[in-house]
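The values are calculated or read from the model by the stated rules, or taken from the named source; none is laboratory data. Quantities reported herein were computed from a predicted structural model and do not represent experimental measurements. Ideal geometry is used to build each Cβ from the backbone, glycine not excepted, and the neighbour counts take in all protein chains shown. Remember, those area values only see protein heavy atoms, side chains included, never the ligands or the DNA or RNA. Shrake-Rupley method; radii C 1.70, N 1.55, O 1.52, S 1.80 Å.
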Amino acid sequence: MSVEVTGLTVTQGNRALLSGIDLTIRPGEVTAVIGANGAGKSELVLAMAGVLPLSAGQITLDGRRIDGTGPEAIRRAGMAAVPEGHRVLTALSVDDNLRAAGSLLKDDLAGRLAQAYAIFPELAERKAQAAGTLSGGQQQMVALAQALMSRPRYLLIDEMSLGLAPLIVKRLLGVVAELKAKGTGILLIEQFTDLALGIAETAVVLRGGRLRYSGEAARLAADKALLHGAYFGV
Amino acid sequence: MLRDLLRPTPSGLAGLIFAALCFLFLPSLGGSYWTSAFTSAACFAMAASGVAFMYARLGMVSLTQVGLMGIGGWVTLRLNYLLPLPFEANLILASLATMVFGWLLALPALRMRGLYLALVTLMAAGGLEIIFATYQFPNGGEGFWGVKIGSFDPFRGPALAQTPEAYLRYVIVMVTLGFLFIEAHRRMFPGRAWALIRRSEAAAMASGVNVTLYKTWAFGIAGLLAGGAGGLLAGSLGLLDDGTFRSSESIMLFALAVVGGAQYWLGAVIAAFLFRILPALLADWGVDTDLAFIIFGAGLLHAIITAPDGIAGQIMGAARGLSARIRGGKP
Amino acid sequence: MIEVQDVTVRFGGVVALNAISARFTTPVAGIIGPNGAGKTTLMNVVSGFVSRSGGRVLMDGTDLLALAPHRRSKAGLRRSFQKEQIADDLTVFENVLVQIDSIGGTWSAKRDEVRRMLAVVGLERQADTPGARLSGFERRLTDVARCLVGAPKLIMFDEPAGGLSVAETERLGELILSIHGLTGTQTLVIDHDVELIARICAETLVLDFGRRIAFGPTAEVLADPKVKAAYLGTAEVEA
Amino acid sequence: APNCGMNTGQPATGEPIVVGGIFSNGAPGDWSSSTDSAAAYFACVNANGGINGRPVDYRVQDDQWNPEAAAQAAAKLVNDDKAVALVGNGSFIEMAVNAKTYVDQGIMAMASACAISECFETPNLVSTNQGPLPSNLGAAQYAQEELGSKNVACIGLNIPNNGIWSCQAVIDYMKSKGGDGSMALLNPGAPDVNSALLEAVASGADTILMNLPAGLALAVLKAAQEQDLRDQYVWIAPTPLYDLSVPDAVGEYWHGKIYVNAELAPLNQNGPDAQNWVAVLEAYGKPDDPRDTFGQAGYLSAQFFTKAMLEMDPADLSDRAKVTEAIRGIKGYTSDLMCGPYYVGDADFHMPNHAGYMVKIVAGGFEVVRECYEYDSPYFDKIIALEKEMGLR
Amino acid sequence: MGRTSLLNWLFFPVLVAVVFLWLGLDKPFKITGMFLASGLAIGSLYALGGIGMVVLFRASGVLNFSAGAAGAAGAMTSWQLVEWGVPAPAAWLACIAVALILTLAYGRIIAPMLAWRETVVKAVATLGFALIILGLVSWIWIDDPRSLTLPTDSASVTLMGLKVTGTRLLAFAATLLIALGIWLFLGRTQVGLQMRAVANDRDLSALLGIPILKVETIAWGIAGLLAGFTGLMFANLIRLEPVIITFMVIPSIAAALAGRLENLALVLIGGLSMGVIESLLTLSPTLKGARPIAPFVLAALVLLWYQRGARLTFGGRD
Ligand SMILES: Nc1ncnc2c1ncn2[C@@H]1O[C@H](COP(=O)(O)OP(=O)(O)OP(=O)(O)O)[C@@H](O)[C@H]1O
Ligand SMILES: Nc1ncnc2c1ncn2[C@@H]1O[C@H](COP(=O)(O)OP(=O)(O)OP(=O)(O)O)[C@@H](O)[C@H]1O
Ligand SMILES: [Mg+2]
Ligand SMILES: [Mg+2]
């Protein structure tokens, strides 16, 4: 029971954006992905979510191949992604954004909506507002809430805290902990390295589209030199 | 700054060589039929360069370019019968009048973007189509509309170009000037302002760009080119017919500008080729007009799907790769 | 010196800004607050992208809101956006040059100024690179360089560190701190990276639900219990 | 077997004589039946000894309803292919665009399906069909004389050299007879014909003349049927409604109520030429070549042209100037398809065909209600004067 | 775009009233009434075409220029079948089926390949498809006067001095019902919600797990049904000429713009008003020649009106 990424390679033109990435997301654990700007973290999420085609490698979810099946199928299989850049359905209201994201499951839509609004009470006040007119941070909340609406077993979050106030980030850390406790496997990309390593079991460091470190998060957090070395390649 | 303006680029040089070759050889290529077809294609290349530039530089879509050509043609004809001015003077006045019309069109456009803008211009094209169909083009008659029944008065072509062959050369020179005019803009401050407006109007304003002015300016240039093209077309036939200026033709010209490759001079040339030479070829091969429609529509779809940068983008890409290989560098 | 007086903004029924006043006097000042507090809206009022229903904004005594948006730039106002705004089809050099295109001056003076500011942000070698080929951080730096040219009086950055790594944020912070010494410009920064704000901003305005809840020296503001409750969440922040 | 040209039964093998033809096919409609019939006739001529042994190389071009293409078509035929004459042209715009070219190049165009003023009022064009103006006048005259019409509302296309030109003549005619007239104009692309019909109704007319292509006329009739206006007005139309598919398309409601002017002999008259035309199409045409008035007109133009060529000195057949001269010399050719004699002459205007039949739409076809009659209108004064001068009257 | 203010609703009624007062006041109502009723008839066709446009646009983000051509192909097929003696109801169904098949073919095969392009490019691509259909239709059926009758043609009621046939009433009622039904469908059902999501951002919708293909198939299917029905109505009420039916999409777009490609009720009001004003212009001696211009001028005016006070937004998607 896990998501296994093996030898994942993504090329665009004749440039490799990602090459030979191996990683695992286990239920109830957080895998942090760390790397400088342009290291390929966002590409990794998009590739796993089925948006970017793989040129080599494979992804399995609980033993089933999911690469090449397309974003909707991957979402249905139980893996949800929050892409970078707070993307929302701009012309739809906040409520419709969540309902659209929740239409995947048949049961208990009301319950799931209530849950999302409980995590982000800021959104509950703006149910009818068009998502495109929300503030940047509010849109990020919608994006996260959308991912939660389908009760995924695996969750990929790109730049979780981007544009969010510290208070919300703290609240989100609580939510992540709760999801972990319920057995959700999470892949977390986070600009605040310490924060990410703080809640992660495993960590991988990317540089130039390659894996530079893969192992325990705690070790990376403790050994600044190791982190620095993997991060900048010195 | 001047150096920047005159800086030769491979694509630019290729364009000038192409224009020179056209000037030298096109009129003697295939007799009267092709001379006539090339002349109208060249006029449409000029108009296509106007839509293409608005689309590539500002991301604005004009679906009324052929309608604007009609205005240029109308004014050219009107002046021809009204005043004893030389053709060139009429052409310039017609271009300027069309530019003013382009500005008027820009008024609603200033606040609209994307599809809405495109559709407002389509409405203008629809309106112009009706106006042209109702009031026709001047042919030497009395009154404001200047329409005479039964026969028409002679049209004064340019003194420099009295034969169809000379007129084709004349048009090629004019079209080249039009292309250079756009390129000069692109290389100077309007080009930079437009690029930023395309990215985001708010960012452009924050950078001190007068968005209103530059958008209006772009519409004016597109109008100017369309007006010139319409005037030249009027000059080639000596009269115009409303059938040329339907709104569907404006949509088609935009579609072909995309198919040709809006960012490149070659794109406008390809658009004009597809718009006027291809149908002439099909007709010459005896293909039924209905079948030609089908071939044309299928080709249009195919090109839009397979060549996102347009056919010119593919050609230019291939040319770059080739020249890199010849120079022995990496592709 | 920039002064905001009683600025109010409404979107339909929502009051996004409620009579905000503040007088920023330090070289670098911060604006923080929860999501949707109205920070971006405040900057949008100053730049002219949102019309206010009341209030004034003075920059060195000139009433900014009386000017058309693009004229404010000529008066010395600069800003960056939550998402960087680099034209993909212009080079780095051209992306910066746009800013001073429409003001007077000789070509060579403009060119030298753009080069100088590109050197300041560390992009002099990429001057001829098209925008499309820049990394996220380089795009951000180009945005900064654009704000620096043309002797600006006030620069506003909206979440400039969003998406930057810790090291990059540090470098950006340094760059922002150096602006005043370089051109005498005042800078306003919105960011959720409290560490960054604490490090570079001498004074900070805190908004919540469109209201000003605190304003003053950054350390004091961050220690304010109201700010802790509304923004930081409970206690301990490494200010 | 059809009767064509020299009737030798031997194929012509000499040097071909290039003859051109321009038709319109494309978005608004297909006007190729005249060139189709002309092509069939020339094929028949070529199989029967050609023109003194020389076959006619008949080349047609489609102007696609596009003025530039029309100019290109003429440029190709006249300049590149060096045609000696154009025969059978059927178009709505070609004549306006090219009238000047024909004068400049000294070539004659013997058109067959012509709808605009240029066909009849310029020096180098002559047409076998009448065009809307005489046909309108013929219909109005019949209505005025036989059906008691006093006030005719002419619903026409809002095109100066078509609708306005031809409706105005009707108004003038009605006024000259002490009646009255008005026109209601329709934009060719406009979907709504109802307003034009209502405008005609509001004008106080007692007769409605549908001076329109058949498709539009059907739309007007349909709108009138909706209003049940059939018995309140006299309904008349020029030749375009004389089409075999019309009686079915208008429906039973209108049978016996619509009077149409036919500018050539009705299809069921079965004179020798009428039969020969059908025979030619059967032997040399394509199976779907239309059997309509314009087809007849195309056949006639080709036949008259062939006749004129056969009368020429065979040595001059490739000389355009001589051919033009021969065409201008055509005088007094007759056919059972046409009421009057066909001629060309040297004038700056040509309208040889200005007499016709009147038919009524009945179930399954048309019934002739008046045989050949000459239209009487001030418009024809100068034409009649010319004919007198030429000794045709 | 935000909610529609009361002023927007009033725009058209006021305009119609102004034109009526200007041109109709000095004439007897017997005449003006006829023009009013005739305008309503043509206006309901504009609205019907416009609604078809808007439905597909809201559900897939594609402005479909080929709707008219598909309808024309359907109408011609229907005529042909009647000629061959097929019972009329089967022929009408065939009309709708042909339009449905053509539209679905485009929506399933071609549209996905263009999904990532700009809205305008997607729109003009459909013109290519329209040309293919139009070419085929005019190649198969030579140009000939034809007409298509429906049993509703013979029933009629009198309205303001004008007889109005059952077909016109049918078109009008169908327009109302379709507008209402689609409004409910998009706003109240889950598939409707998914359609709006896909139209707004296809890629993101895929990421959210929305079954894009299924949703788009339904959207294009509805569009095809509407195109078929509209084609049948146009063929009967305007004329059975493929070119005319094909290019009716352009005034239909004017009607669609009246509702900003979004608000079906405004499309309806706008389309009707355009028809009425166009018809009333017949009463003006100077403007009657150019009266078909009315939809275009009105659409441009209404867009200007809606944009009043609009502010700049950031570039990119619209
Ligand atoms: N469409 C594209 N074409 C070419 N290169 C691209 C494209 N998209 C991304 N890249 C490049 O791929 C590399 C990886 O980008 P990615 O966005 O995954 O980085 P990241 O690690 O997520 O960084 P960030 O912190 O900025 O999000 C970058 O160098 C980027 O410039
Ligand atoms: N057009 C609009 N209609 C309605 N509400 C709006 C509109 N634009 C903005 N708002 C609301 O105004 C408030 C202020 O937004 P603003 O973008 O200024 O927030 P912010 O402080 O910058 O937040 P963030 O830190 O998340 O970027 C938000 O609650 C937002 O939802
Ligand atoms: Mg990233
Ligand atoms: Mg903000």
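Start at zero, step by 5 Å, and the Cα-Cα distances of region D:318-393 spread as 3, 13, 20, 19, 15, 11, 8, 5, 3, 1, 0 percent across the bins. Pairs from the list D:Lys175/D:Lys222; D:Lys257/E:Lys163; A:Lys127/E:Lys214; D:Lys222/D:Lys257; D:Lys331/D:Lys382; C:Lys39/C:Lys226 with a Cα-Cα gap above 25 Å: D:Lys175/D:Lys222; A:Lys127/E:Lys214.
Expressed as a fraction of 2.2 N^0.38 Å, the value expected for a compact globular protein of N residues, the C-alpha radius of gyration of chain D is 0.96. Convex hull volume of the Cα atoms of region B:270-331, normalised per residue: 89 Å³. The calculated FRET efficiency for the pair D:Asp172 and E:Ala17, based on their C-beta separation and a Förster distance of 60 Å, comes to about 0.90. Based on the convex hull around the alpha carbon atoms, chain B presents an average projected area of 18.7 nm². The P(r) of region B:67-224 has a tail past 25 Å containing 43 percent of all C-alpha pairs. Inverting the mean 1/r over all pairs of different Cα atoms, compute the Kirkwood radius of the protein assembly as shown and quote it in Å. After inverting the pairwise mean of 1/r, the radius is 35.6 Å.
Taking each DSSP H run with n ≥ 4 as -39500 (n - 2.57) and averaging over every residue of chain A yields -11000 deg cm²/dmol at 222 nm. Compactness of region A:167-234, taken as the C-alpha radius of gyration over 2.2 N^0.38 Å, stands at 1.17. With N as its number of residues, region A:84-159 has a Cα radius of gyration that, divided by 2.2 N^0.38 Å, comes to 0.99. Using the Kirkwood formula on the Cα atoms of region D:1-132, what hydrodynamic radius do you get, in angstrom to one decimal? Evaluated on region D:1-132, it is 14.8 Å.
For region E:67-115, the Kirkwood radius over C-alpha pairs fed into Stokes-Einstein at 10 °C and 1.306 mPa s yields D = 142 µm² per second. Cα-based values for region A:3-232, radius of gyration first and Dmax second, are 17.1, 49 Å. Across chain D, Cα pairs under 8 Å and at least six residues apart give a relative contact order of 19 percent. For the chain pair B and D, the interface hides roughly 2500 square angstrom of accessible area in total, found with a 1.4 Å probe. Take the accessible area of chain E alone and of chain D alone, subtract that of the pair, and you get about 2700 Å² summed over both chains, using a 1.4 Å probe. The amide H of C:Phe157, built 1.01 Å from its N in the peptide plane, has C:Ser80, C:Leu188, C:Val189, C:Ile190 as neighbours under 5 Å, considering only residues 5 or more places off or on other chains.
Taken over the C-alpha atoms, chain C has Rg and Dmax values of 17.6, 56 angstrom. For region B:33-82, the alpha carbon positions stretch 38, 30, 13 Å along the principal axes, listed from largest to smallest.
With respect to chain C, whose longest principal axis is taken over its alpha-carbon atoms, helix C:136-148 is tilted by about 90°. The antiparallel fraction among DSSP beta bridges confined to the protein assembly as shown stands at about 45%. Report relative contact order for chain B in percent, whole number only (criteria: Cα-Cα under 8 Å, sequence separation at least 6). For chain B, the relative contact order is 31 percent. Counting only DSSP H runs of at least 4 residues, each contributing -39500 (n - 2.57), and dividing by the residue count of chain B, the helix-based mean residue ellipticity at 222 nm comes to -24000 deg cm²/dmol.
On the beta carbon distance between B:Phe23 and D:Ala321, with R0 = 30 Å, the FRET formula returns roughly 0.30. Remark: spin-label model distance C:Thr106-D:Arg291 equals 9.0 nm, labels positioned 7 Å along the Cα→Cβ axis. Computed from the alpha carbon atoms alone, the convex hull of region C:149-225 holds 109 Å³ per residue. Can you give the percent of C-alpha pairs in region E:150-195 whose distance is more than 12 Å? Cα-Cα pairs in region E:150-195 separated by more than 12 Å: 66 percent.
Taking Cα atoms only, the orientation of helix C:166-183 departs from the longest principal axis of chain C by about 80 degrees. Taken over region B:151-262, the percentage of Cα pairs per 5 Å bin, counting from 0 up to the bin with the maximum distance, is 2, 9, 14, 17, 17, 15, 11, 7, 4, 3, 1, 0. Extending 7 Å from the Cα toward the beta-carbon at both E:Ser154 and B:Ala14 defines two label points whose distance is 6.9 nm.
Rounded to the nearest 500, the helix-only mean residue ellipticity at 222 nm of chain E stands at -23000 deg cm²/dmol, with each DSSP H run of n ≥ 4 adding -39,500 (n - 2.57). Computed from the C-beta positions of D:Ala347 and E:Thr217, the FRET efficiency with R₀ = 60 Å rounds to 0.35. Within chain B, the selection of entire DSSP H helices by a Cα span of 27 Å or greater along the long axis and an average Kyte-Doolittle value of at least 1.0 returns B:87-109, B:114-135, B:211-237.
Most simply put, chain C has about 55% antiparallel DSSP beta bridges, counting only bridges with both residues inside it. Could you state the number of Å between the C-alpha centres of region D:1-78 and region E:172-211? Centre-to-centre distance over Cα atoms comes out at 57 Å.
When only alpha carbons are used to place a centre, region D:330-381 and region A:1-69 end up 84 Å from one another. Taken along its three principal axes, the alpha carbon spread of chain E comes to 63, 58, 33 Å, from the longest extent down to the shortest.
Based on a Kirkwood Rh over C-alpha pairs, give the Stokes-Einstein translational diffusion coefficient of region D:274-331 at 37 °C and viscosity 0.692 mPa s in µm²/s. For the chosen part, D equals 256 µm²/s. To put it simply, the accessible area of the protein assembly as shown at a 1.4 Å probe is 59 percent carbon and sulfur. Spatial offset of region E:258-312 relative to region E:7-63 amounts to 7 Å, using the alpha carbon center of each. At q = 0.10, 0.21 Å⁻¹, what base-10 log of I(q)/I(0) does the Debye formula yield for region B:208-326 when every alpha carbon is treated as an equal point scatterer in vacuo? Each listed q maps to, in turn, -0.42, -1.27.
Taken per residue, the accessible surface of region A:121-204 reaches 30 Å², heavy atoms only and a 1.4 Å probe.
Against chain D, whose longest principal axis comes from its Cα atoms, helix D:33-46 is set at around 30 degrees. Computed from the alpha carbon atoms alone, the convex hull of region D:246-393 holds 142 Å³ per residue.
In percent, rounded to a whole number, the relative contact order of chain E is 36, using alpha-carbon pairs under 8 Å and six or more apart. For the pairing of chain B with chain C, what total accessible surface becomes buried, with a 1.4 angstrom probe, in square angstrom to the nearest 100? Roughly 1900 Å².
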